[in-house]
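A quick write-up on the structure given underneath.
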Amino acid sequence: MTHKEDFKTVGSFWGNSSVRSRKILTILVFFLLSIVITVAGVLTPLTLEDSKALDDELKQIQDDLKGMNVWQSTLYIFTNNFKICLLMFIPIAGPFIGSYILYNTGLVIGAKSRVMNMPGLIVFVALFLLPHAWLEFAAYSMAFAASVWLTWQVIKRQAKKEILQTCKYIAICALLLFVAGFIEAYLIASFSQA
């Protein structure tokens, strides 16, 4: 098969797929892209001094969370993550803002692993043993995808229907992030008592 035939095959697959299938596929692509962007941050070399500074900021947040009950921690985590997620829904700019945030998240993970004297990728993969990481990345991927869909519909001058769909995706992301926040808060409370 030539490259032209490959492109036609992909194009016919995309054209013959339902809107739901295309949207699910787009979310999956953004999920993988989110992981790649975060890993790029994890693998970015930092000085030990910069790593310690980022780790100290992270420890301060963790200490603040340990002083809260599970519901207060849930609300704090949810509010922080939901604000980030809402930025990712912005047409055109959302994916760029989100990429910057995910890259910086990777930097913090890399800094933490450096201070712990562990490989960054091991620490990153270990995060995905916890369910809240999957839920957060799913929400962010949905926000990325919704931003692209809304941008496309604005270009086609058919944004009215997509705005309603975007509101539904925002609600789904809010639910995912609330559940993720509760799980994370519960884990923090459990580990701080141990």
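Summary of values
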{"quantity": "Residue identified as among the β-branched types (Val, Ile, Thr) and loosely packed, with under 13 Cβ neighbours inside 10 Å among Ile77, Ile90, Ile101, Ile122", "calculated": "Ile122"}
{"quantity": "First in segment 133-155 and without any contact (Cβ under 8 Å) to a residue 12 or more places away in the chain and over 19 Å from Thr38 (Cβ atoms), second anywhere and among the small types (Gly, Ala, Ser) and surrounded by fewer than 21 Cβ atoms within 10 Å (Cβ to Cβ), Cβ under 6 Å, 6 or more apart", "calculated": "Gln153/Ala159"}
{"quantity": "Pairs where the first residue, in segment 177-190, is free of Cβ contacts under 8 Å to residues at least 12 places away in the same chain and in a helix (DSSP H, G or I) and the second is of a type outside the set (Phe, Trp, Tyr) and surrounded by fewer than 23 Cβ atoms within 10 Å (Cβ to Cβ), C-beta under 9 Å, 6+ apart", "calculated": "none"}
{"quantity": "Selected residue [at pLDDT 85 or above, hydrophobic (A, V, I, L, M, F, W, C) and within 24 Å of Tyr103 (Cβ to Cβ)] from Leu46, Leu58", "calculated": "Leu46"}
{"quantity": "Residue check for Ile97: closer than 30 Å to Thr47 by Cβ, touching a Ser or Thr at 6+ places or on another chain (Cβ under 8 Å) and among the β-branched types (Val, Ile, Thr)", "calculated": "no"}
{"quantity": "Restricting segment 113-132 to residues that are more than 30 Å from Tyr169 (Cβ to Cβ) and free of Cβ contacts under 8 Å to residues at least 12 places away in the same chain, the residue that is farthest from the chain's Cα centre (by Cα)", "calculated": "Asn117"}
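The values are calculated or read from the model by the stated rules, or taken from the named source; none is laboratory data. In this text, all values refer to a predicted model and were calculated from it rather than measured experimentally. Because the Cβ atoms are built from the backbone with ideal geometry, glycine has one as well, and the counts that use them run over all protein chains shown.
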